[in-house]
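Each remark here refers to the structure printed beneath this line.
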Amino acid sequence: MKIAIASDHAAIDLKAELRAYLTGLGHDVSDLGPATAERVDYPDFGYKLAAAVAGGDADYGVALCGSGIGISIAVNRNLACRCALVSEPLSAALAREHNDANVIAMGARLTGIDMAKACLDAFLTTEFGGGRHAGRVAKLSNPAC
């Protein structure tokens, strides 16, 4: 899978660990920044990640900031993205199964590395359930509904 990952300065260490983890699993990972822990604005990297997923440069995205909240809001400004903020594997799996989420967000100050890996595993191995969920998901990309 092609996976794009981005963060703000607060999540730079978690991003590096998750990038290495995903690469070790055989995924093609694009690190969209930042490269250092110097202060940055999370919307800039959320928008960059959303553009990569929406444009087809990545199958999925991983968005990280201190709480996960700000960067998830930024990603969700792109109507082609369905970013779910998660903190444990069940919500990560349900985000895929019920909401066809294509981006997972986590907070580096709230989620440890082992839990973050478990969330990624659940997210990446769960398929969208379709069926009764498909019409609802379609409405997420069409606010006129």
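At-a-glance table
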read-out	value
Segment 2-140, relative contact order in percent, only Cα pairs under 8 angstrom and at least six apart counted	24 percent
For 88, 38, order by how many other beta-carbon atoms lie within 10 Å, fewest first	38, 88
Label-point gap, in nm, between residue 41 and residue 1 - each point 7 angstrom along Cα→Cβ	3.1 nm
Positive minus negative residues near residue 100 (Lys, Arg vs Asp, Glu; Cβ under 15 Å)	+2
Among 24, 118, 54 - extreme Cα towards positive end, dipole of segment 2-140, charges at beta-carbon	54
Estimated distance in nm for a label pair at residue 141 and residue 113, the labels positioned 7 Å out from Cα along Cα-to-Cβ	3.6 nm
Lys, Arg +1 and Asp, Glu -1 on Cβ, resulting dipole of the chain about Cα centre, debye, nearest 20	460 debye
Gyration tensor (alpha-carbon) shape descriptor, segment 59-132, a/c threshold 1.5	oblate
CD proxy at 222 nm, helix term only [per DSSP H run n ≥ 4: -39500 (n - 2.57); per residue of the chain; nearest 500]	-13000 deg cm²/dmol
Label-point gap, in nm, between residue 80 and residue 23 - each point 7 angstrom along Cα→Cβ	2.6 nm
Cα-based helix-to-principal-axis angle, 89-99 vs the chain, degrees rounded to 10	40 degrees
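None of the figures in this text is laboratory data; all of them are computed from the coordinates on show. In this text the structure is predicted, and so the values were computed from the model without any measurement. Backbone-built Cβ (ideal geometry, glycine too); neighbour counts: all protein chains shown.
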